[in-house]
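These notes concern the structure reproduced below.
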Amino acid sequence: MINNKPTKSDPRTDLFRNAIEHRATWMGLLIDEAKKRGLDTSFAHDAIRRCGCFHGMTKYPRTDDLTEFAPAFANPDVVGVFEMELKEQNEEHLYIDFHYCPLVAAWLKCGLPEEDLPELCDIAMDGDRGIISTFDKFTFDLGKTIAKGDDVCEIRINKVDKK
């Protein structure tokens, strides 16, 4: 059973949440229709990762410094929308727990089966994976997810020396 209820709300946050929900609805219904037609979902993983790579190269500061990257990735609007808790933020780690997910909310509202949500979430997270892949010194790990029924989504970005 998925528990995904926002605990904070204000007009600006609600506006952003509604926009994200709208896009998540598109994504979820497109993938649902593709699956009904017998298509595998690798196209969606690839497309969302490509989008993330584009944003990684154009939207975020080009840096090897996680303390410079963090405020762009977890800006105040995004923190509010996803009810993010910054667990650790320093030169080596950016660890964030998300306590609410508007994408999960959208997928449930439009009637997609709960058992499809982990895959939809994994596809959506390819955007973040794509963003982080554009930084030579950062790695991305996804732990728990609300879409799997966990109480939080765990994002872990680490600075490493890639060889």
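The values are calculated or read from the model by the stated rules, or taken from the named source; none is laboratory data. This one's a predicted model, so the numbers in the text were calculated from it and none came from an experiment. Heads up, the Cβs are rebuilt from the backbone with ideal geometry, glycines too, and the neighbour counts pull from every protein chain shown. Accessible surface is based on the protein model in full, side chains and every heavy atom, while ligands, DNA and RNA are left aside. Shrake-Rupley method; radii C 1.70, N 1.55, O 1.52, S 1.80 Å.
Normalising by the residue count of segment 45-163, find the relative contact order in percent from Cα pairs under 8 Å and 6+ residues apart. Walk me through the numbers before you get to the answer.
Working: 194 pairs, mean separation 38.8, N = 119.
Once divided by the residue count of segment 45-163, the mean separation gives 33 percent.
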(message) Using a Förster radius of 22 Å, what is the FRET efficiency between PHE54 and ASN158 based on their Cβ-Cβ separation? Nearest 0.05, please.
(response) 0.45
(request) For the chain, report the accessible area per residue in Å² (1.4 Å probe, heavy atoms, rounded to an integer). (result) 55
(request) Mind giving me the nanometre distance, one decimal, between the label points for ASP40 and GLU91, set 7 Å out from Cα along Cα→Cβ? (result) 4.4
(message) Once ligands and nucleic acids are excluded and a 1.4 Å probe is used, how much of LEU108 is accessible, expressed in Å² to the nearest 10?
(response) 70
(request) Could you tell me whether segment 70-163 comes out rounded, prolate or oblate from its Cα gyration tensor? Rule is a ≥ b ≥ c as square roots of the eigenvalues, rounded for a/c under 1.5, then prolate if a/b exceeds b/c, otherwise oblate. (result) prolate
(message) If I fit a long axis through the Cα atoms of helix 117-133 and take the longest principal axis of the Cα atoms of the chain, what angle between them do I get, 0 to 90°, rounded to 10?
(response) 30
(request) Quickly estimate the mean residue ellipticity at 222 nm for the chain, helices only: each DSSP H run with n ≥ 4 gives -39500 (n - 2.57), and the total goes over all residues, rounded to 500. (result) -16500 deg cm²/dmol
(request) Figure the gain on full extension for LYS5 and ALA72 (residue separation times 0.36 nm, minus the Cα-Cα span) and round it to one decimal in nm. (result) 21.6 nm
(message) Going by Cα centres, segment 31-47 and segment 113-163 are how many Å apart?
(response) 19
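Carbon and sulfur atoms: what percent of the 1.4 Å accessible area of segment 8-51 do they account for? Provide the component values of the computation, followed by the final result.
On the way: 1950 of 3210 Å².
In segment 8-51, the share of accessible area belonging to carbon and sulfur is 61 percent.
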(request) Using a 1.4 Å probe over the heavy atoms of the protein chains, calculate the carbon and sulfur portion of the accessible area of segment 102-163 as a whole percent. (result) 45
(request) Round to the nearest 10 and report in Å² the accessible area of ARG23, as given by a 1.4 Å probe over the protein chains' heavy atoms. (result) 150
(request) Could you check the simple spin-label distance between ASP151 and ASP14, using points 7 Å along Cα→Cβ, in nm with one decimal? (result) 2.8
(request) Just need the relative contact order of segment 110-163 here, percent rounded to a whole number, with Cα pairs under 8 Å and 6+ apart. (result) 29
(request) Report which label in (1) 17.1; (2) 16.3; (3) 19.2 holds the value of Kirkwood radius over Cα pairs in Å derived from the coordinates of this structure. (result) (2)
